[in-house]
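The values are calculated or read from the model by the stated rules, or taken from the named source; none is laboratory data. Values in this document were obtained by computation on a predicted structure and should not be read as measured data. FYI the Cβ positions are ideal-geometry reconstructions off the backbone, even for glycines, and counts take in every protein chain you see. Note: areas computed on protein heavy atoms with side chains; ligands, DNA, RNA excluded. Shrake-Rupley method; radii C 1.70, N 1.55, O 1.52, S 1.80 Å.
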Amino acid sequence: PAVYADALERQMTKFRRIVPEGSRPELALDGATVVPPLNFTEGPSWLDGELFFSNYRFSRDTADSRSEGGLCRMSPGGSCRVLHTDRPTCGTKPLPGGNLAICDLLGRRVVEMTPDGLIVRVIADSYNGIPFGSPNDCVPDGRGGIYFTDSRVRDENPRQPGTAVYQVDSAGTVRPVTGWNEI
């Protein structure tokens, strides 16, 4: 139908403002050549011209290594450094004040972090006093709050009754916005 074709055309016009017609991608960083190597990257976000992303410890061989994984910061020239080798992360999103919201897997929480890797506050670490399983992705809501997914239920007790999407408002109140195990 025409409505889909029109929507696609609008999206492609926006896309072409960023990626011109006929342009070819260039390799900015070969993940196999950096230390630590990039194993499983995710959660990218742009902040002040730099790319932040998570290098997730995915391999069984590196799961307990502190030299693998963590939040990475890549500069426009392609240089990359790990900000936290001791803090496996997933989703990253810029916050209005110039910091990042980071899903901290090991800490089982969502934190606010400076672009240099300093954790300045815990945004959310539990619901009803029970720790999250593994916050995975997050997005600010434009009103001072954040939505985030908790996509894993841990084996230890106490534990959340299931996976969920949560919202933490600007006052710090956490509430699930989906039913348990709907994600």
### Task
Heads up, I need the accessible area for Val19: 1.4 angstrom probe, whole protein in place, Å², nearest 10.
50 Å²
#### Entry: Whole-Hz couplings from phi, Karplus 6.51/-1.76/1.60, listed for the range 44-56; x for Gly and Pro
x, 7, 9, 8, 6, x, 10, 9, 10, 7, 9, 9, 6
### Summary
Computed over the chain, protein heavy atoms only, probe 1.4 angstrom, the accessible area per residue in square angstrom equals 58 Å²
### Query
Could you sort Trp180, Trp46 by accessible area so the largest value comes first, with the probe set to 1.4 Å?
Trp46, Trp180
### Query
Which ³J(HN,Hα) values, rounded to whole Hz and listed in residue order, are derived for the range 173-179 from phi using the Karplus coefficients 6.51, -1.76 and 1.60 in 6.51 cos²θ - 1.76 cosθ + 1.60 with θ = phi - 60°, glycine and proline given as x?
7, 9, 8, x, 10, 10, x
### Query
In whole percent, how big is the carbon plus sulfur part of the accessible area of the chain, probe 1.4 Å, protein atoms only?
52 percent
### Task
Please identify the cysteines of the chain that lack any partner cysteine with a Cβ under 4.7 Å from their own Cβ.
Cys72, Cys80, Cys138
### Task
Would you mind telling me which residue in Thr13, Thr149, Thr163 has the biggest mean-square fluctuation in a Gaussian network model of the chain, where springs connect alpha carbons within a distance under 10 angstrom?
Thr13
### Query
What longest range of the chain stays clear of loop-exposed trypsin sites (Lys or Arg not before Pro) (DSSP non-H/G/I/E/B, at most 16 other C-beta within 10 angstrom)?
67-142
#### Entry: Accessible heavy-atom area order of Phe15, Phe132, highest first, probe of 1.4 Å
Phe15, Phe132
### Task
Run the 1.4 Å probe and let me know the accessible area of Glu21, rounded to the nearest 10 Å².
150 Å²
### Query
Each residue of the range 2-10 in order: what ³J(HN,Hα) in whole Hz does its phi give by Karplus 6.51 cos²θ - 1.76 cosθ + 1.60, θ = phi - 60°, with x for Gly and Pro?
4, 4, 5, 4, 5, 5, 4, 4, 5
